[in-house]
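Laboratory data are not the source of any read-out in this text; all were calculated from the coordinates shown. Model, not experiment: these values are computed from the prediction. Note that each Cβ is placed from the backbone with ideal geometry, even for glycine, and that neighbours are counted across all protein chains shown.
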Amino acid sequence: MYLTPSLSALFVTALFVFPSPSAADVPGQWPPLDQTPSLAPQWAALVNVSSIPNAPVQKKAAGDCSQTAVYCNWSCDNCKRPGDVTICPGQNDWGISYDDGPSTYTPALLDYLKKNNVTATFFIIGSRAFENPDILKRTVAEGHQIGVHTWSHPYLTTLTNEQIMAELKWTETIIKTITGITPLYMRPPYGDVDDRVRSIANQMGYKVTIWDVDTNDWLSDNNPKFNRASITNVIKKAVAKKSPTGHISLEHDLYPVAAAEAPKALDIILKAGFAAKPVGTCLGTKFYVEDSNSTTPTPIINSTPTPSATTNSATETTSAVPTATDSSQSDASLSTDYLSSFALFVTSTFCIMFFGLII
Ligand SMILES: [Zn+2]
């Protein structure tokens, strides 16, 4: 009769003591995945709130477009301001961009890009970076440009100023933690940007980057009737059309069909004679804050703790590791972590079983 509670306690202890492997990969405390995070207090001063245009917070996705003439909402009528990036200026240049990763489909795409000696821009979701830090590290190591694409992929015009800042800053921070670089380009999910979002992004140092060739490859997600050829058809049309400028195309490495079609789309672009490159390269600007200091980014993942101040409380998805010790994330020290956990597990189990037997 004493065995059952002891076994239950043992199970609970095991769950508590052993960290999940993914959680141990990115040190620091992180917001819940795929939810709009709170703004850490130390980031509030990054933006001068009084200079943000007073565009209304939209009540729903791609909602009220009645004021786009005033606040220039791209998702309403493709309205853009002079600082917005939508094309590569050089007629022969093609900015290749993949959004919403890193995912398990990204490595095969990286293999193909490497084989063709092409580098591209990847706009990263913070929550996906938390799940796939090694893929993000590989992407940077192979020379691709990394941009910020928010933490949870919301329509930014529906968020408050603070929420917009938090979406960008948490994503920037996890990218910095994993790779050592701080991106200078951001892409608003769905191209949803107005003067309020634009002002916040610009004040935080970002170039707002959209596109002029949309493959709509995301429509393939969970859609068995999706016409795969529609992706390459968009690219075929774009390469055939005469244009005074080059292009920036939008594709996604989060969905299996979209990622699988990406090589075919790239082949069409290359065969048409375009120079495929990252957006930052076609614009001739720095990719990262660190570019002026060093050409070799140094990941801080093994040396510096991530920001500890956050108003968010940990949840299951934050599984995210309460601020681990600095060096605990290397493979060797991970093994040490697990050995320590095992020792703690054995001790705890012994105590619980002993306690269970004497009551
Ligand atoms: Zn996206």
Can you flag which of Lys242/Lys271; Lys236/Lys264; Lys114/Lys286 are past 18 Å Cα-Cα?
-> Lys114/Lys286
Would you kindly calculate the translational diffusion coefficient of the range 153-196, applying Stokes-Einstein with the Kirkwood radius from alpha carbon pairs, for 20 °C and a viscosity of 1.002 mPa s, and quote it in µm² s⁻¹ without decimals?
-> 192 µm²/s
How far, in nm, would the chain grow between Lys264 and Ser51 when pulled straight, counting 0.36 nm per residue and subtracting the alpha carbon separation?
-> 72.2 nm
Net charge over other residues, Cβ less than 14 angstrom from the Cβ of Asp291 (K, R count +1; D, E count -1) = +2
Please report Ile174, Ile268 as a ranked list, fewest other C-beta atoms within 10 angstrom at the top and most at the bottom.
-> Ile268, Ile174
Could you let me know the centre-to-centre spacing of the range 107-133 and the range 174-194, using Cα atoms, in angstrom?
-> 14 Å
Can you tell me the dipole magnitude for the range 69-292 around its Cα centre, using point charges on the Cβ only (Lys, Arg +1; Asp, Glu -1), in Debye to the nearest 20?
-> 580 debye
Could I have the simple spin-label model distance between Ala272 and Ala229, label points 7 Å from Cα toward Cβ, reported in nm to one decimal?
-> 1.8 nm
Ranked on Cβ counts within 10 Å of their own Cβ, fewest leading, Tyr185, Tyr288 go Tyr288, Tyr185
What's the local net charge at Ser199, with K and R +1, D and E -1, over the other residues with C-beta under 13 Å away?
-> 0
With 5 Å bins from 0: P(r) over the range 69-292, alpha-carbon pairs, percent | 1, 7, 16, 20, 21, 18, 11, 5, 1, 0
The set of residues whose placed amide H lies less than 5 Å from the amide H of Cys88, leaving out same-chain residues fewer than 5 positions away, is Gly95, Gly246, His247, Ile248
Quick one: what do you get for the range 40-126 if you divide its Cα Rg by 2.2 N^0.38 Å?
-> 1.52
Whole-Hz Karplus ³J(HN,Hα) for the range 148-164, in order, using 6.51 cos²θ - 1.76 cosθ + 1.60 and θ = phi - 60°, x for Gly and Pro?
-> 8, 10, 6, 7, 10, 6, x, 6, 5, 5, 8, 9, 6, 4, 5, 5, 4
Descending packing, highest mean Cβ count within 10 Å first, for 100-113, 188-201, 251-264 is 188-201, 251-264, 100-113
What are the residues whose amide H is under 5 Å from the amide H of Ile146, where those residues sit 5 or more places off or on another chain and H is modelled from the backbone?
-> Phe122
